[in-house]
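*Asks:* Supplied in C-alpha cells, the structure appears directly below.
The values are calculated or read from the model by the stated rules, or taken from the named source; none is laboratory data. Note that the structure is a prediction, hence the values are computed from the model and not measured. Neighbour counts run over all protein chains shown; Cβ positions are idealised from the backbone, glycine included. Side chains are part of the model used for accessible areas, which takes the heavy atoms of the whole protein and leaves out ligands, DNA and RNA. Shrake-Rupley method; radii C 1.70, N 1.55, O 1.52, S 1.80 Å.
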Amino acid sequence: MDGKKNSLAVCMVFAVALAGGFLLCMLLPKEEYSLSERRRLAPMPEWSAEDLWSGRFMSRFEDYAVDGFPFREAFRRVKALTATRVFQRQDNHGVYETGGYLAAFEYPLKEDSLERALGRFRYIQETYLGEGNQAFLSVIPDKGCFLAPRSGRPCLDYGEMEKIASEKADFAEYIKISDLLEAEDYYRTDTHWRQEKLIDVARRLAEGMGTKSLEDYTVHTLEEDFYGVYYGQAALPASPDTIQYLTWEGMEECQVYDFQNSREMSMYDLEKAKGRDPYEMFLSGSLSLIIIENPGAKTGKKLALFRDSFGSSLAPLLAVGYDTIILADIRYIHPDHISRYVDLSDCDMLFLYSTLVLNHSDTIK
C-alpha cells in the first residue's frame, strides 16, 4: 500500500510540475529578443491546417517553447556550468573560459580560405590602386591565438597564417602587428580588441605607411558595463568589461559620412554604446562604406582601408595622419560597386583583417 502511495505522490508531483511549467510558459511575458545571445527569439507560430498536417507547426512550436521557457537564462547558466565544471568539457557552444577571458575555438587553419581572401585583395589592388600609391596588408590575431596555448586548447597556427599571408601577398607590403598584442589587449567577454590598447599598433601602421601617428590623446570611459558576444554564447559567469575610447585635438573637426544610409555621423555613436552591442559605438558598427575627412591633417595623404569590425575602433586613431580615409567592408559591399561612390585611384590601401574573417573568407564578396 505504501508503494502505491509513493508512486501516486510521484505522479502527482510530476503532474503539478508539468502543469505549472505549462502555465508559466503561457502566462509569463515573452521576450522578443535575447540580449545575451544577441538574436531574436522564436515567436509563437501561426496555426493552419496545412502547417499542422505537414509538421511545420510543431517544429516551429518546439523552437518557440525552447526560446520562451521560463527562467531560460538561469537554466542556460546551470547547463553551461554543469558541462564545463562537472563534466569537464573544454567549451560550451564552442566558447571556453580561461583566466577570466572568454574565447571561441578557431581551428584549424584553412589555407584555401586564406588564399581566397588574398585573391580578393589582389583583385582590388589591381583594379583600383593608382600609380604612385602603395598597398599594405596586416593580419589581426584572434584573442584565442594567445589564450588557447595557455590552456592547452587547440588553435590555428597563427605564425603559419602570417607567413602565408606575407609571402603570397606580393601585391602589398606586409606590416606585422602580432608582436604588439597580447590577450589583455582584447575585451574579456567579446571578440574585439580594446581601442585604448592600440596606440602602439596604430603608430606602427602609420609609420609603415609613411604618415604621422597619434601622439597626444584623451581617454574617456563609459559608465555602462559591457557584456560582449561571448558572454551570451557561453552562458558562463564572467566579469563585465568597460569600454574606453580616445579623442585627440581636432577630431571634432572631422567629417564622417555613411554611404550605406546616406547620412553624416560622428566618429563615436554614444547612443549605440547603450544598445544591444555597445562595440558598435565605434563608427556605428558594421557599415559597408564610410569616408572620414580630416581637414586638420594636412598631410596630403589618402587611405582606403579595407577592413572588418576590428577596423572600426582603429580607424579613428589612424585618421590623425590622413586628409581622407575611406573604409570599405567588402563583406557587405562588392568591390566593383565601390567606385560608384568614391574615387580610390589616389589612395594608398591597407587590407586589415582578423584571422576570424580570413579563416572564413566566404563572407568576403
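*Asks:* Work out the length of the dipole vector of region 269-365 about its Cα centre, built from +1 on the beta-carbon of each Lys and Arg and -1 on the beta-carbon of each Asp and Glu, and round it to the nearest 20 debye. It would help to have the intermediate numbers written out before the result.
*Replies:* Numbers: 10 positive and 13 negative charges, 20 e Å.
Approximately 100 debye in magnitude.
*Asks:* Right, here's the next one. Taking amide H positions as placed in the peptide plane 1.01 Å from N, state which residues far from K302 in sequence (5 or more) or on other chains have amide H under 5 Å from it.
*Replies:* Those lying under 5 Å, H to H, from K302 are D348.
*Asks:* Taking H placed 1.01 Å from N in the peptide plane, check which residues at least 5 places from G130 or on another chain put their amide H under 5 Å from its amide H.
*Replies:* Those qualifying (amide H under 5 Å, at least 5 residues apart or on another chain) are C347.
*Asks:* Taking each pair of distinct Cα atoms in region 118-251 once, what is the resulting Kirkwood hydrodynamic radius in Å?
*Replies:* Mean inverse Cα-Cα distance, inverted, gives 17.4 Å.
*Asks:* On to the next question. Please list 3J(HN,Hα) in residue order for region 162-171, calculated via the Karplus relation 6.51 cos²θ - 1.76 cosθ + 1.60 where θ = phi - 60°; whole Hz, with x for glycine and proline.
*Replies:* These are the phi-based 3J(HN,Hα) values: 4, 5, 4, 4, 6, 7, 8, 8, 6, 8 Hz.
*Asks:* Return the Rg/Rh ratio of region 305-363 with Cα-based radii and a Kirkwood Rh.
*Replies:* Working: Rg = 11.9 Å, Rh = 12.4 Å.
Using Cα coordinates only, the ratio equals 0.96.
*Asks:* Cross-link candidates for K272: which aspartates and glutamates have Cα within less than 19 Å, leaving aside residues fewer than 8 places away along the same chain?
*Replies:* In chain and number order, the partners are E37, D190, E196, E223, E224, D225, D241, E252, D258, E264, E280, D308.
*Asks:* Ranked from the most accessible area to the least, with a 1.4 Å probe and all protein chains present, what is the order of C11, C347? Don't jump to the answer; show the numbers that get you there.
*Replies:* Numbers: C11 85, C347 0 Å².
Largest accessible area first, the list is C11, C347.
*Asks:* Still on this structure, please answer the following. Only four residue types carry charge here, +1 at the Cβ of Lys and Arg and -1 at the Cβ of Asp and Glu. Report the dipole size of region 78-183 about the Cα centre in Debye, rounded to the nearest 20. Don't skip to the end; give the middle numbers.
*Replies:* Numbers: 13 positive and 17 negative charges, 137 e Å.
Here region 78-183 has a charge dipole of around 660 debye.
*Asks:* Taking every pair of alpha-carbon atoms in region 238-365, give the share separated by more than 26 Å as a whole percent.
*Replies:* 20 percent
*Asks:* Here's another thing I want to ask about it. Can you sort H192, H220 by 1.4 Å-probe accessible area, starting with the largest? Write down the numbers at each step before the final one.
*Replies:* Numbers: H192 20, H220 60 Å².
Greatest to least solvent exposure: H220, H192.
*Asks:* Normalized C-alpha radius of gyration of region 194-287, against 2.2 N^0.38 Å? Could you put the intermediate results ahead of the total?
*Replies:* Working: Rg = 15.4 Å, N = 94, 2.2 N^0.38 = 12.4 Å.
So the Cα radius of gyration is 1.24 times the expected 2.2 N^0.38 Å.
*Asks:* I've got another one for you. Report the per residue volume, in Å³, of the convex hull enclosing the C-alpha atoms of region 134-188.
*Replies:* Values: hull volume 4.2 nm³, N = 55.
Convex hull volume per residue, Cα atoms: 77 Å³.
*Asks:* Could you put F105, F121, F171 in order of accessible surface area, largest first, with the 1.4 Å probe and the full protein assembly present?
*Replies:* Numbers: F105 60, F121 0, F171 25 Å².
Order by accessible area, largest first: F105, F171, F121.
*Asks:* Also: Could I have the simple spin-label model distance between E224 and K212, label points 7 Å from Cα toward Cβ, reported in nm to one decimal?
*Replies:* If labels sit at E224 and K212, their model points lie 3.4 nm apart.
*Asks:* What are the extents of the Cα atoms of region 88-153 along their three principal axes, in Å, largest first?
*Replies:* 57, 22, 17 Å, listed from the longest principal axis down.
*Asks:* Now a separate question. How big is the accessible area of I333 in square angstrom, nearest 10, if you roll a 1.4 angstrom probe over the protein chains?
*Replies:* The accessible area of I333 comes to roughly 20 Å².
*Asks:* Next up: Find how many whole Å separate the alpha carbon centroid of region 210-275 from the alpha carbon centroid of region 137-156.
*Replies:* 24 Å
*Asks:* Now a separate question. Kindly rank 243-249, 324-330 from highest to lowest mean number of other beta carbons found within 10 Å of each residue. Walk me through the numbers on the way to the answer.
*Replies:* Numbers: 243-249: 17.6, 324-330: 23.9.
Ranking, from highest mean packing down: 324-330, 243-249.
*Asks:* For region 318-335, list residues with backbone N below 15 Å from a point placed 7 Å from the Cα of H360 toward its Cβ?
*Replies:* Under cut-off, by backbone N: 331-332.
*Asks:* Let me ask you something else. Can you give me the P(r) profile for region 236-305? Cα pairs, bins 10 angstrom wide beginning at 0, each as a whole percent.
*Replies:* Taking every Cα pair in region 236-305, the percentages come to 17, 44, 28, 9, 2.
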